[in-house]
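What follows is a set of notes on a single structure, which appears directly below.
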Amino acid sequence: MAEETAGGAPARESGPDKGIPEEGVQPRGKWANNMEFIFSMAGEIIGLGNLWRFPYLCFKHGGGKPWTALGQYTSEGGVTAWRKICPMFEGLGIASQVIVMYLNIYYIVVLAWAIFYLYNSFKSPLPWSQCDNAWNTEMCHKRPSFYANPHMFKPDDSWSFLNNITSLDYFENYTNVNETVSLYSRSPEEEFWLLRVLRMSDGMSLGKVHWDLSVCLLIAWVICYFCVFKGIKSTGKVVYFTATFPYLMLFILFIRGVTLPGAAEGLKYYLSPDFRKLFDPDIWRDAGTQVFFSYAVCQGVLTALGSYNKYNYNCYRDCLALCCLNSATSIFAGFAVFSVLGFLAYDLNVSMEEVAASGPGLAFIAYPRALSMLPAPSFWAVLFFLMILFLGLDSQFVCVESVATALTDMFPRYLRRRGGREILILVIAVVCFLLGLPLVCEGGIHLFTLIDAYGVSGTSLLLIACLETIVIGWVYGADRFLDNIEDMIGYRPLCVWKYCWLFVTPAICGLTLLYDLAQIRLVRYYGYQFGVSGAVLCGLLIITPLICIPVFIFVALCRKPDQMTTPSSDLRQARPHKPILTLCNLTVLRAQGQPNRRADESHEKIMMEEPSGV
């Protein structure tokens with residue numbers, strides 16, 4: 001007897017694997033158990049942004065899942081799911097995968113930097129804590145730590161060999177020395193980042209490839225490949241470690257941070273609210289884009305992960321829990337970050353504004369600088385960069401999985417065969433590695449900055465999000481989608497989601513998009529102003545994914561103009577005669593067609609292993 005869901009309906013499965021597959025074509029896999037899905041989702045939505053973006057935005061502004069269900073319902077990846085839901089908007093899935101490809105190319109460069117720093121963390125002294133290296137300039141100034149070297153700051157000790165002054169003169173003229181240092185010098189950590197790691201060129205010319213960073217990039221791709229080459233069979237096992245290990249590292253760094261002098265001041269800056277900022281539109285734009293990046297919205301990744309769930313899996317419950325976990329992780333990471341930055345400000349006798357940073361500036365300059373001031377700095381540096389590596393690694397290979405899933409579902413006859421997936425992942429890895437080599441050139445940081453700001457920009461994601469919610473709410477039908485979710489999990493989600501899809505989310509995305517477009521301008525990196533070539537590249541990065549949307553609308557119009565908004569007959573509809581959208585008891589969109597007998601019959605034949613009452 002077929003197993004039943006909590007709602008009493010027979011457990012069913014939807015997807016492309018219904019019926020008899022072609023000879024040699026492998027069946028579409030499923031997660032071995034619920035925990036693999038949960039850890040994979042956690043690994044994707046909890047990443048470097050939780051560590052280096054969310055805490056800084058809180059400081060800057062004064063303190064203070066429907067796509068998973070779509071994949072589960074259709075059992076399809078980020079492209080074919082939209083093709084089945086609404087054929088004319090298949091381009092939304094293509095646009096998302098273009099953005100994921102941007103991520104696959106540039107995001108892993110951060111892991112290459114982390115591997116480079118991790119390798120150097122085993123050296124003593126830490127190479128970024130000294131000014132006597134070959135790459136250092138006369139502007140380099142090392143500031144000894146009060147905390148790690150208290151004996152150097154006793155009144156009867158002289159360390160004129162460092163600053164050409166006695167210790168008594170130092171205390172009398174500390175303010176003047178500090179101002180001089182800040183105006184005419186750079187820290188060894190900054191010079192290590194600029195002159196040893198990046199070795200920046202002056203303009204947009206790429207220059208030569210740095211072989212050591214290229215090796216680190218290759219190592220990152222090799223690790224990523226062996227994590228995902230078997231699909232969810234390997235990914236589901238690896239995430240047990242990669243999704244939990246960063247929490248251990250973060251907890252250790254948190255305990256160390258809050259026990260340092262000055263930590264309380266750093267936490268005060270992190271937590272102190274400034275309610276006047278609520279009237280600043282920039283805070284809402286930053287908050288919106290942070291949500292998109294943190295929750296991997298509109299990238300097709302959540303759809304791909306959800307597509308490997310069994311049909312009656314309670315993704316609604318787990319997505320709500322994972323959202324809470326993501327937010328809690330961001331808040332907790334803020335404590336670990338700003339406790340250490342508070343110590344740095346205390347030890348350097350400067351304000352928090354001078355040490356607060358986000359992005360690579362936090363991970364590769366500010367935090368290493370603070371760690372180098374601690375006793376046993378190599379130990380803490382190893383822990384920190386291991387955390388950075390694993391935080392980014394699971395997000396990276398889930399993005400690779402998203403592209404592989406999308407391509408496999410688009411061309412199952414060719415790619416879902418024995419050995420096909422391993423070759424596909426290898427091709428993706430090799431192509432993305434080669435395309436990533438320009439990012440580890442002398443001018444690579446400029447290209448990295450542009451991709452980060454415009455390739456995966458809030459502009460593209462906001463437009464895609466706005467269109468996706470409109471398609472789900474107003475074209476496919478919000479009521480029909482709620483019926484689909486109810487059919488899967490056994491109970492109806494809160495009705496508030498319907499009105500979010502119909503009104504709230506499109507309005508917020510649309511208004512934020514308009515403001516973002518009004519504020520768009522070319523970014524700078526260390527004062528470098530991008531010229532015409534930079535502007536052209538920015539335009540191409542934004543337009544390339546978005547152009548897919550009108551192109552595929554035109555393709556659908558040419559193919560089947562009378563079925564542009566008709567869902568695939570393979571999709572099960574629990575209430576086919578019910579209107580797909582109603583408002584205030586008024587029918588806005590009527591039912592589309594009769595129930596699909598073939599899909600229902602194939603559903604009934606599938607026995608589910610998941611227990612009832614999910």
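Observations
- If you check Asp169, Asp157 for being at pLDDT below 90, outside the structural domain of Leu260 (by TED's automatic domain parsing), more than 30 Å from Ser378 (Cβ to Cβ) and touching a helix residue (DSSP H, G or I) at 6+ places or on another chain (Cβ under 9 Å), only one passes: Asp169.
- Test: Val258 is over 18 Å from Ile115 (Cα atoms) and under 26 Å from the mean Cα position of the chain (by Cα): no
- Of the helices (runs of 4 or more DSSP H) lying entirely inside the stretch 296-397, those containing at least 1 residues that are of a type in the set (S, T, N, Q) span 301-306, 315-348, 367-372.
- Of all residues in the stretch 268-295, those that are of a type in the set (Asp, Glu) and in a helix (DSSP H, G or I) total 2.
- For beta carbons closer than 9 Å, sequence separation of 6+ or different chains, a first residue in the stretch 538-556 that is part of a helix (DSSP H, G or I) and a second that is exposed (fewer than 13 other Cβ atoms within 10 Å of the Cβ), the qualifying pairs are Ala556/Gln563.
- The set of residues from the stretch 412-441 being outside any helix (DSSP H, G or I) and more than 15 Å from Ala112 (Cα to Cα) comprises Arg416, Arg417, Arg418, Gly419.
- Single condition Lys277 does not satisfy, out of (1) of a type outside the set (A, V, I, L, M); (2) farther than 30 Å from Cys538 by Cα; (3) modelled with pLDDT under 90: (2)
- Residue in the stretch 441-453 that is touching a helix residue (DSSP H, G or I) at 6+ places or on another chain (Cβ under 8 Å), closer than 30 Å to Ile232 by Cβ and buried (at least 23 other Cβ atoms within 10 Å of the Cβ) present: no
- Filter result for Val110 (modelled with pLDDT under 95 and out of contact with any strand residue (DSSP E or B) (no Cβ under 9 Å at 6 or more places or on another chain)): yes
- Qualifying residue in the stretch 289-299 (condition: surrounded by fewer than 18 Cβ atoms within 10 Å (Cβ to Cβ), at pLDDT below 75 and either in contact with an Asp or Glu (Cβ under 7 Å, 6 or more places away or on another chain) or not small (Gly, Ala, Ser) (or both)): no
- Residue check for Gly47: more than 24 Å from Leu502 (Cα to Cα), modelled with pLDDT under 85 and in the same structural domain as Met410 (by TED's automatic domain parsing): yes
- In the set (1) at pLDDT 90 or above; (2) touching a helix residue (DSSP H, G or I) at 6+ places or on another chain (Cβ under 8 Å); (3) closer than 20 Å to Ile365 by Cβ, the condition left unmet by Pro144 is number (1).
- Output for the stretch 352-388, where each listed residue is crowded, with 24+ Cβ neighbours inside 10 Å and over 22 Å from Leu267 (Cα atoms): Phe385
- Residue among Thr74, Thr68 that is modelled with pLDDT under 95, more than 22 Å from Gly288 (Cα to Cα) and among the hydroxyl-bearing types (Ser, Thr, Tyr): Thr74
- Checked against the criterion of being within 37 Å of the chain's Cα centre (by Cα) and at pLDDT 90 or above, the candidates Leu586, Leu571 yield just one match: Leu571.
- Test result for Ser201, of a type outside the set (A, V, I, L, M, F, W, C), modelled with pLDDT of 60 or more and either in the same structural domain as Val301 (by TED's automatic domain parsing) or farther than 23 Å from Phe433 by Cα (or both): yes
- So Val400, is it in contact with a His (Cβ under 7 Å, 6 or more places away or on another chain), surrounded by 21 or more Cβ atoms within 10 Å (Cβ to Cβ) and at pLDDT 90 or above: no
- Residue within the stretch 512-521 that is at pLDDT below 90, surrounded by 15 or more Cβ atoms within 10 Å (Cβ to Cβ) and either outside the structural domain of Lys310 (by TED's automatic domain parsing) or under 30 Å from Arg317 (Cβ atoms) (or both) present: yes
The values are calculated or read from the model by the stated rules, or taken from the named source; none is laboratory data. All figures in this text were calculated on a predicted structure; none of them were measured in a lab. Here Cβ is always computed from backbone atoms with ideal geometry, including for glycine, and neighbour counts include all displayed protein chains.
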